[in-house]
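Heads up: the structure comes next, in structure tokens.
Every read-out reported here was derived from the displayed coordinates using simple, explicitly stated rules and does not represent laboratory data. Because the structure is a prediction, the values reported are computed rather than measured. Positions of Cβ are generated from backbone atoms using ideal geometry, with glycine treated the same way; all protein chains shown enter the neighbour counts.
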Amino acid sequence: MAQEYIALKEKNSNGVIALSKSTFQTIAKIVVEEDENLKLADGSGPFKYPLSCKIQNDQLIISMDVKVKYNVNVQDSCTKVQSKIFENIEHMTGYKPDMVDIRVTGFIF
């Protein structure tokens, strides 16, 4: 069965803190929604969501399909959002994601 959470390294006398992968998905979704140049792509099927989060061997991998606003520099917009996702996840959870993969699937006209 796939791992559904990441246990943080910080331990105290009460136990271990574990974060669900939906926590990381929500943070990434909010970052994309706040950016005026990007939008999450539509799901291609009934069970396909444009934002996914995998946890393999205690590595956090976030993948997302986005659409970029027409007449905007694609590389700059994606790089800015990617670094913002890294910063927000690290700031809010104390955990650094291992990879944030942004795939451009179309444009917003």
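For the stretch 58-108, how many residues meet the condition of being more than 19 Å from residue 33 (Cβ to Cβ) and among the hydrophobic types (A, V, I, L, M, F, W, C)?
Result for the stretch 58-108: 3.
Are there any strands (runs of 3 or more DSSP E) wholly within the stretch 1-94 with 1 or more residues that are of a type in the set (D, E, K, R) and touching a residue at least 40 places away in the same chain (Cβ under 8 Å), and if so which?
So the answer is 5-12, 38-40, 51-56, 59-69.
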